[in-house]
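The structure that follows is given in the form of structure tokens.
We did not get these values from a lab; they are worked out from the coordinates using the rules stated. Given the structure is predicted, the values throughout are model-derived calculations rather than measurements. Glycine also receives a Cβ, built like all others from the backbone with ideal geometry; neighbour counts cover every protein chain displayed.
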Amino acid sequence: MTPVVQEDVTGCGIASVATLAGVTYNQVKTVASQLGIQVNDSRLWSDTAFVRTLLQHFSIETGPQEHPFRSWKTLPPLALLAIKWHRTGNQAFWHWVIFWRGTGGPVVIDPKRSLKKNVRTDFGRMKPKWFIAIDLKKC
């Protein structure tokens, strides 16, 4: 799985979908715009509906609901994780990353632009709040 880096402040969901779909950031951004999802909309990282819509468009199947994070060992082979979860006023925000239990071992693919490496194994530093299971067969 090749990491796609986010190009916009609110682009972590777009980059995560691009990584899972194996397409470019701009391809997903264009589709998002056609679906009425604007990259400058903060709901991209405070509402799961937008990322679910994009995943569905690229025929990536997800579990029907979010699950609370319990431990790294209990995660499914592939999942979208909500990390850096916080509240501002009445709105929750988070950063989208991908957990992947690949052939070389488990990793987190983090689309954050400022990272030196977008494939992370520093699990103790990340504090996931919840996750959405992704059907590995469709990626």
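Can you classify the stretch 1-69 as rounded, prolate or oblate using the Cα gyration tensor, where a ≥ b ≥ c are the square roots of its eigenvalues, rounded means a/c under 1.5, and otherwise it's prolate if a/b beats b/c and oblate if not?
It is rounded, given that a/c, with a ≥ b ≥ c, falls under 1.5.
Quick one: if the Förster radius is 22 Å, what FRET efficiency do residue 33 and residue 91 give, using the C-beta to C-beta distance and rounding to 0.05?
Given R0 = 22 Å and the Cβ-Cβ separation, E is 0.45.
May I ask you to list the aspartates and glutamates whose Cα is less than 20 Å away from that of residue 73, ignoring any residue fewer than eight positions away on the same chain?
Hits, sequence-local ones excluded: 110, 122, 135.
Give the Rg/Rh ratio for the stretch 12-138, taking Rg as the radius of gyration of the Cα atoms and Rh as the Kirkwood radius, to two decimals.
0.93
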